[in-house]
């Protein structure tokens with residue numbers, strides 16, 4: 001996600017995107033959270049805006065299946081399919097405060113190394129175009145050190161979003177390898193940081 005400018009429109013979606021962009025930029029350079037790739041640690045940005053609550057999760061692939069490369073065996077492909085199926089239910093693993101009146105969350109996943117999401121489709125096309133034309137190219141979406149992450153976004157429409165005092169996340173239950181979640185939240189009450197450690201699952205949205 002680049003940090004050059006925020007969206008120019010003033011829709012609720014653009015406003016939420018601007019908040020998440022600000023959180024990403026405050027954490028470090030574009031495409032970085034300002035921290036080294038760290039196994040066992042996920043990063044979660046939470047934005048509370050007019051009528052919506054949006055969460056963006058970034059987690060190392062190794063913390064999902066134990067490996068970061070593309071699956072090479074049937075067992076590895078099944079492991080990837082299982083964890084992706086779990087994360088596609090992220091809307092059920094994340095539960096905003098009922099005071100917000102949120103509906104069912106919509107989920108988007110992106111893991112280029114596993115050919116998931118638009119960037120993953122682009123990587124497949126790139127490899128197909130390069131077939132037979134020299135050494136294999138670096139896998140799209142890989143970090144310079146060879147590590148790779150999965151990014152997940154879950155978006156809730158919530159008439160009373162500003163009333164939410166917390167968000168509960170069941171990520172430790174769903175992802176057994178995960179040990180810590182570094183949280184950054186931006187709400188009408190201000191910005192805050194929080195660290196969740198197993199078995200904690202509540203993100204406070206009010207000081």
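Residues are listed down the side, and each one gets a yes or a no for (1) surrounded by fewer than 16 Cβ atoms within 10 Å (Cβ to Cβ); (2) touching a residue at least 40 places away in the same chain (Cβ under 8 Å):
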{"residue": "155", "(1), (2)": "no, yes"}
{"residue": "160", "(1), (2)": "yes, yes"}
{"residue": "165", "(1), (2)": "yes, yes"}
{"residue": "170", "(1), (2)": "yes, yes"}
{"residue": "176", "(1), (2)": "yes, no"}
{"residue": "183", "(1), (2)": "no, yes"}
{"residue": "204", "(1), (2)": "yes, no"}
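Evaluate the following for residue 75: is it more than 21 Å from residue 106 (Cβ to Cβ) and out of contact with any helix residue (DSSP H, G or I) (no Cβ under 6 Å at 6 or more places or on another chain)?
yes
Which of (1) over 15 Å from the mean Cα position of the chain (by Cα); (2) modelled with pLDDT of 95 or more is the odd one out, the single condition residue 121 does not satisfy?
So residue 121 meets the others, but not (2).
Filter segment 93-108 down to residues that are closer than 14 Å to residue 171 by Cβ and free of Cβ contacts under 8 Å to residues at least 60 places away in the same chain and give me whichever is surrounded by the fewest Cβ atoms within 10 Å (Cβ to Cβ).
Checking each candidate, the answer is 107.
Collect the residues in segment 78-88 that are surrounded by fewer than 17 Cβ atoms within 10 Å (Cβ to Cβ) and either in contact with a helix residue (DSSP H, G or I) (Cβ under 8 Å, 6 or more places away or on another chain) or assigned to a helix (DSSP H, G or I) (or both), keeping them in residue-number order.
Passing the criteria: 78, 79, 81, 82, 85, 86.
What are the residues in segment 160-178 that are touching a helix residue (DSSP H, G or I) at 6+ places or on another chain (Cβ under 8 Å) and not in a helix (DSSP H, G or I), if any?
Once the filter is applied, which keeps residues that are touching a helix residue (DSSP H, G or I) at 6+ places or on another chain (Cβ under 8 Å) and not in a helix (DSSP H, G or I), segment 160-178 yields 160, 164, 165, 169, 170, 175, 177, 178.
Yes or no: segment 128-141 includes at least one residue that is at pLDDT below 95, surrounded by fewer than 17 Cβ atoms within 10 Å (Cβ to Cβ) and within 28 Å of residue 40 (Cβ to Cβ).
Within segment 128-141, one or more residues are at pLDDT below 95, surrounded by fewer than 17 Cβ atoms within 10 Å (Cβ to Cβ) and within 28 Å of residue 40 (Cβ to Cβ).
Exactly one of these conditions fails for residue 197: (1) over 15 Å from residue 100 (Cβ atoms); (2) surrounded by 16 or more Cβ atoms within 10 Å (Cβ to Cβ); (3) modelled with pLDDT of 95 or more. Give me its number.
Answer for residue 197: the failing condition is (2).
Of the numbered conditions (1) under 22 Å from residue 163 (Cα atoms); (2) modelled with pLDDT under 95; (3) touching a helix residue (DSSP H, G or I) at 6+ places or on another chain (Cβ under 7 Å), residue 112 fails exactly one; give the number of that condition.
Looking at each condition in turn, residue 112 falls short on (1).
Looking only at segment 69-76, decide whether some residue is in contact with a strand residue (DSSP E or B) (Cβ under 6 Å, 6 or more places away or on another chain), modelled with pLDDT of 90 or more and surrounded by 14 or more Cβ atoms within 10 Å (Cβ to Cβ).
no
Okay, residues lined up against (1) exposed (fewer than 13 other Cβ atoms within 10 Å of the Cβ); (2) under 18 Å from the mean Cα position of the chain (by Cα); (3) modelled with pLDDT of 50 or more:
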position: 28; (1), (2), (3): yes, yes, no
position: 33; (1), (2), (3): no, yes, no
position: 42; (1), (2), (3): no, yes, yes
position: 59; (1), (2), (3): no, yes, yes
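The values are calculated or read from the model by the stated rules, or taken from the named source; none is laboratory data. The structure presented is a predicted model; accordingly, all values stated were derived computationally and were not measured. In this analysis, Cβ positions are derived from the backbone assuming ideal geometry, glycine residues included, and neighbour counts consider all displayed protein chains.
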